[in-house]
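The structure appears below as structure tokens.
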Amino acid sequence: MKLLENSTYTVLKGNHAVSVGAKLARVEVISAYPITPQTTIVELLSEMVASGELRARFITVESEHSAMAGCIGASLAGARAFTATSAQGLALMHEMLHWAAGARAPIVMANVNRAMAPPWSIWTEQTDSLSQRDTGWMQIYNESNQEALDSVILAYKVAEQVRVPAMIVLDAFILSHTSEPVEVYPQEVVDAYLPPYENPNALNLEHPHAIGSLADPNVYMEFRYKLQKAHEEALRVFKEEGQRFKEYFGRAYDTLEAFYLDDADYVLVTAGSMTSTAKYTVAQLREKGEKVGILKIRLFRPFPFEDVRNALRGRKKVAVIDRNISFGHSGIFYSEIKSALYRDSGAPPVFGYIAGLGGRDVRPNDIVEIYEDLKQREEPAEPILWKGVRV
């Protein structure tokens, strides 16, 4: 891809790509508490603030709960706020995630996927972010370091229009601590795409008002109705801004990404860095004449129901490969895909595979074995098909 004029290619770890994305977005308040494997995101931002490279307030707090509380206050005061976390830290934020969404604060947060304890793990798994899917936050899943940088900018562009917070999600170590070439855009181009944040309801001493007051049953339901409508609007805005992104930066983004999908009989549904391994494998299978493709989920909340239906309608079979689990049910992407296809004319049978929990490698031969297993199965009688478990 041709670089934009004055862009630079820089080798960045995934975490630092997020930091640079936040700097380019001209965040004004960073509320930070360190937790592996996200720590280097806020560390680099602290250095940028200390050196004067980024004009922002860097707030150090005593917990992730307080980190999100600081972001909420900053956003309600009219500042563009940012933070980052992982796993147990995200879980500790849970109450405040509801507050951020309910207060319609367009915060952007990076969550570096890490498996939940116990037992302790620092390696990747998507259950931490997916377990927050009902808090009212948008969720964007990233395959590469370039996507991670771009998603920060795109998230602010969408969030500030619909007044809904957004979570940028990337895999621990596979992306967070792995270096890749990343295009870093000129600041003036980012400024043209993402103007300064203006909160029409910002706290104002001249016109004081309260936020988060008690709402009795006569009005509470309407708050939730409006938040749901904001998510529905966010789906449209995300698609529009993803296309406008190409006008400024040369890359377009949509809710989904297709790979060898046009004539595919069999489809593998993936999210996150696992997609790169699946793409490599599918390209090899295609050389052997196999009609298989990939559907990558980028936007998980709001969920792109219609896009999923259109992409999967008429296929022979679909395998959803989840790096997560909802205990007592199934893989989370699997259940969401099934709900999208329910009673849809031409919907294919969907099979749910779980692989890579706790950071276990998902290798090309694992993808091949899942594909071969998919072709042989007639009906998805089991809610979970485990890949790689040792029992």
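Checking each residue in the range 161-210 for being in contact with a helix residue (DSSP H, G or I) (Cβ under 9 Å, 6 or more places away or on another chain), part of a loop (DSSP other than H, G, I, E, B) and among the small types (Gly, Ala, Ser) picks out 172, 176, 202. Within the range 357-367, restricting attention to residues that are within 26 Å of the chain's Cα centre (by Cα) and either among the acidic types (Asp, Glu) or over 15 Å from residue 322 (Cα atoms) (or both), the residue that is surrounded by the fewest Cβ atoms within 10 Å (Cβ to Cβ) is 361.
Search the range 356-391 for residues being without any contact (Cβ under 8 Å) to a residue 40 or more places away in the chain and aliphatic (A, V, I, L, M), and hand back the single one that is farthest from residue 318 (Cα to Cα). Step by step, filter the range 356-391, then rank; the result is 391. Scanning the range 294-310 for residues that are over 23 Å from residue 235 (Cα atoms) and not assigned by TED's automatic domain parsing to the domain that holds residue 141 turns up nothing.
Taken over the range 109-146, the criterion of being of a type outside the set (Gly, Ala, Ser), without any contact (Cβ under 8 Å) to a residue 60 or more places away in the chain and either farther than 19 Å from residue 354 by Cβ or surrounded by fewer than 24 Cβ atoms within 10 Å (Cβ to Cβ) (or both) is satisfied by 109, 116, 118, 119, 120, 132, 134, 135.
To keep it simple, each residue is scored yes or no on (1) in contact with a helix residue (DSSP H, G or I) (Cβ under 6 Å, 6 or more places away or on another chain); (2) on the phi > 0 side of the Ramachandran plot; (3) surrounded by fewer than 21 Cβ atoms within 10 Å (Cβ to Cβ); (4) not in a helix (DSSP H, G or I).
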position: 314; (1), (2), (3), (4): no, yes, yes, yes
position: 318; (1), (2), (3), (4): yes, no, no, yes
position: 321; (1), (2), (3), (4): no, no, no, yes
position: 328; (1), (2), (3), (4): no, yes, yes, yes
position: 335; (1), (2), (3), (4): no, no, yes, no
position: 339; (1), (2), (3), (4): no, no, yes, no
position: 345; (1), (2), (3), (4): no, no, yes, yes
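Residues in the range 368-391 that are under 26 Å from the mean Cα position of the chain (by Cα), part of a loop (DSSP other than H, G, I, E, B) and not aliphatic (A, V, I, L, M): 383, 387, 388.
Contact annotation: residue pairs with Cβ atoms under 8 Å, 6 or more positions apart or on different chains, pairing a residue in the range 340-352 that is among the aromatic types (Phe, Trp, Tyr) with a partner that is in a loop (DSSP other than H, G, I, E, B), are 351/377; 351/380. Identification of strands (runs of 3 or more DSSP E) wholly contained in the range 1-106 with 1 or more residues that are at pLDDT below 95 and farther than 21 Å from residue 156 by Cα yields 8-13. Taking the numbered list (1) at pLDDT 95 or above; (2) loosely packed, with under 10 Cβ neighbours inside 10 Å; (3) among the hydrophobic types (A, V, I, L, M, F, W, C) in turn, residue 245 passes all entries but (2).
If you go through the range 355-364 and keep only what is under 14 Å from residue 275 (Cα atoms) and either of a type in the set (A, V, I, L, M) or touching a helix residue (DSSP H, G or I) at 6+ places or on another chain (Cβ under 8 Å) (or both), you end up with 355, 356, 362, 363, 364. Considering 168, 153, which residue is under 17 Å from residue 89 (Cβ atoms) and aliphatic (A, V, I, L, M)? None of the others qualify; the one that does is 168.
The values are calculated or read from the model by the stated rules, or taken from the named source; none is laboratory data. None of the values given here were measured: they were computed from a predicted structure. Positions of Cβ are backbone-derived with ideal geometry, glycine not excepted, and every protein chain shown enters the neighbour counts.
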